[in-house]
Amino acid sequence: MSYKSTSYTHLAQVYDRLMADAPYDQWIHFAQTEWERCGLQPQKVIDLACGTGTICILLTQAGYEVTGMDLSDEMLCVTQDKAQEKGLKLELYQQDMREFTSPVPVDSIVCFCDSLNYITSSAGIRQTFDQVYRALRPGGVFLFDVHSLYKIREVFGDHTFTLTEDEISYIWECECDGEDSVIHDLTIFVQEGHFYRRFDELHVQRGYALEDLSKWLKQSGFQDIHCYADFELLPPGKTSERWFFSCTK
């Protein structure tokens with residue numbers, strides 16, 4: 001069987017298997033380190049674009065009151081199942097991060113795993129920053145990471161990546177679309193009994209200049225804006241692959 005999709009419709013079911021080696025503990029460490037640096041002891045936290053909820057669950061287990069938001073209903077269903085298996089209670093909402101709202105101001109909002117790169121217009125990024133600012137209480141902290149332009153252009157570029165394992169395999173073809181965007185064309189094979197189910201998904205990510213992201217954050221009203229590079233949290237350089245931002249309302 002073969003499926004075509006341009007969202008996380010089918011990928012949601014195998015996402016955690018593909019991300020098994022992702023350094024989620026380092027995202028949590030970054031969040032807690034920045035909250036401490038900012039003198040913040042958050043209680044209410046929104047995980048924006050929470051995906052299959054791994055970060056939601058880790059934060060909940062660490063004692064925070066977490067609300068997960070994502071555009072994909074399929075991803076949220078996986079999150080709900082995982083939380084129930086662990087005996088955790090999560091509030092989950094299907095919302096577009098460009099238009100999301102929170103019924104009450106929260107202490108912090110996180111948006112990790114390069115989710116903001118899926119917003120492919122600068123207007124959409126600015127709109128998201130505005131919505132985050134409105135949802136935070138005064139003194140609240142917004143934390144997020146994005147792929148750098150270097151990673152979009154050079155690491156992804158026009159390259160092909162493959163994975164071959166007994167239960168799951170993929171062919172991941174990247175194609176640059178202009179100077180700052182990349183198209184991810186994924187063909188995934190998942191073992192089901194004696195057969196493999198195939199489905200294809202198409203994803204587009206856009207990179208943004210460091211200076212533009214900082215400017216738009218300031219325009220939304222954020223202050224105390226800090227930017228780090230990669231999981232070592234070094235100063236950004238020409239070959240940095242992931243930028244981490246911390247900013248305060």
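The table for this structure:
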item: Top-ranked residue in segment 98-107 [being free of Cβ contacts under 8 Å to residues at least 60 places away in the same chain and either open to solvent by less than 30 Å² (accessible area, probe 1.4 Å) or acidic (Asp, Glu) (or both); ranked as farthest from Ala123 (Cα to Cα)]; result: Phe100
item: Segment 16-44, residues that are surrounded by 17 or more Cβ atoms within 10 Å (Cβ to Cβ), over 15 Å from the mean Cα position of the chain (by Cα) and either part of a helix (DSSP H, G or I) or of a type in the set (Val, Ile, Thr) (or both); result: Glu34, Trp35
item: Residue ID - farthest from Glu154 (Cα to Cα), chosen from residues in segment 197-221 that are hydroxyl-bearing (Ser, Thr, Tyr) and touching a strand residue (DSSP E or B) at 6+ places or on another chain (Cβ under 8 Å); result: Ser214
item: Total residues in segment 158-181, condition among the small types (Gly, Ala, Ser) and closer than 24 Å to Cys227 by Cα; result: 1
item: Residue in segment 87-110 that is part of a strand (DSSP E or B), of a type in the set (Phe, Trp, Tyr), at pLDDT 95 or above and under 22 Å from Asp212 (Cβ atoms) present; result: no
item: Cross-chain or 6+ apart pairs with Cβ under 8 Å, segment 207-231 first and touching a residue at least 40 places away in the same chain (Cβ under 8 Å) and under 11 Å from Asp145 (Cα atoms), then open to solvent by 50 Å² or more (accessible area, probe 1.4 Å) and assigned to a helix (DSSP H, G or I); result: Phe231/Gln26
item: Hits in segment 178-200 (condition: closer than 29 Å to Val132 by Cα and surrounded by 14 or more Cβ atoms within 10 Å (Cβ to Cβ)); result: Asp180, Ser181, Val182, Ile183, His184
item: Elements of type strands (runs of 3 or more DSSP E) contained in segment 125-213, each with 2 or more residues being among the charged types (D, E, K, R); result: 136-147, 168-176, 181-192, 195-206
item: Residue in segment 79-100 that is under 22 Å from Thr60 (Cα atoms), touching a Pro at 6+ places or on another chain (Cβ under 6 Å) and among the charged types (D, E, K, R) present; result: no
item: Selection from segment 58-78 of residues that are open to solvent by less than 30 Å² (accessible area, probe 1.4 Å) and among the charged types (D, E, K, R); result: Asp70
item: Residue list for segment 214-249, restricted to those being more than 18 Å from the chain's Cα centre (by Cα), of a type in the set (A, V, I, L, M) and either outside any strand (DSSP E or B) or over 24 Å from Val106 (Cβ atoms) (or both); result: Leu234
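The values are calculated or read from the model by the stated rules, or taken from the named source; none is laboratory data. Everything quoted here is computed from the prediction, not taken from an experiment. FYI the Cβ positions are ideal-geometry reconstructions off the backbone, even for glycines, and counts take in every protein chain you see. We work out accessible area using only protein heavy atoms, side chains counted, and drop any ligands, DNA or RNA first. Shrake-Rupley method; radii C 1.70, N 1.55, O 1.52, S 1.80 Å.
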